[in-house]
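A short reminder: the numbers here are calculations on the coordinates, not readings from a lab. This is a predicted model, so every value here is computed, not measured. Glycine also receives a Cβ, built like all others from the backbone with ideal geometry; neighbour counts cover every protein chain displayed.
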Amino acid sequence: MQEFSCLTSLGIGHLKIVDHGSVQMSDLNRQILYNERDIGLKKADIAYEKLSLLNSDILIESICEEITSENILRLIKGVQIVIDGTDNFETRLILNKACFEKKIPYVYGGIFGFKGKMTTFLPGRTLCIECLYPKKEEVVPVIPVVGPIPGLIATLQVLEALKLILGLGDSLVGRLLSFDGETMVFSYFDIKKRPGCRICSA
């Protein structure tokens, strides 16, 4: 939810928050929008209440639904950019397919332990997430999420989205940004479409 705090502060005119989950104690080490009194309450609804107090001049929608292949097109209708704050690969595949179908820029971010990564997918121009990960990601539970890493990646995702909206700067189109919190090193990798990809090479 770090990205929504940043977007609200920036004054982005219309935000759509989609999250079916409830606040848990384990969220509090990284989701600074919430506190202990919010545990058990719907994340999207609490986000709406708190963000509305931060900036009452923007339109905020809170949608307490799980993202599925059945509802995704309705959920992204009218959306200019999708910022991925999901925590599972299945949902990312659904977002990826829908964004490419509707030609909506998709700012991807992922974290694991002390590491984070992000890129931007532009339908019609770039590869998609299925090219980046042709096989399903397998997450090995080595250590818990380290709080500052999702905050860092979310903030960078907002910066990337802002550049896309304003048409300024160099985006991460065709490049994967990787951050290693143990060494404090940012790295960049060129990434390309996978021949025969069913989503972006058709």
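Under the simplified labelling scheme, the S22-E65 pair shows an inter-label distance of 2.1 nm, with each label point 7 Å from Cα along Cα→Cβ.
For the residue pairs K42/K192; K117/K163; K77/K193, the alpha carbons lie more than 28 Å apart in K42/K192.
Evaluated at q = 0.12, 0.21, 0.23, 0.25 Å⁻¹, the base-10 log of the normalised Debye intensity for region 43-148, with identical point scatterers placed on the Cα atoms, takes the values -0.50, -1.25, -1.33, -1.38.
Among all stretches of the chain without exposed trypsin sites (Lys or Arg not before Pro) (DSSP loop, at most 14 other Cβ atoms within 10 Å), which one is longest? Could the numbers behind the result be given before it?
Numbers: sites that count: K77, K103, R125, K135, K136, K192, R198.
Within the chain, the longest run free of exposed trypsin sites (Lys or Arg not before Pro) spans 1-76.
Across region 91-106, the residues whose backbone nitrogen lies under 13 Å from the label position 7 Å along the beta-carbon direction of C197 are 93, 96-101, 106.
Placing pseudo-labels 7 Å out from each Cα toward the beta carbon at S187 and S52 gives an inter-label distance of 4.6 nm.
Considering only beta bridges that DSSP places wholly inside region 2-190, some 70 percent are antiparallel. Annotation: cysteines of the chain without a disulfide-compatible partner (Cβ-Cβ under 4.7 angstrom) are C6, C64, C99, C131, C197. Distance from the C-alpha centroid of region 26-44 to that of region 83-128: 24 Å, rounded to the whole angstrom. Can you bin region 2-190 into rounded, prolate or oblate? Criterion: square roots of the alpha carbon gyration tensor eigenvalues sorted a ≥ b ≥ c, rounded for a/c under 1.5, prolate for a/b above b/c, oblate for the rest. Here region 2-190 falls in the rounded category.
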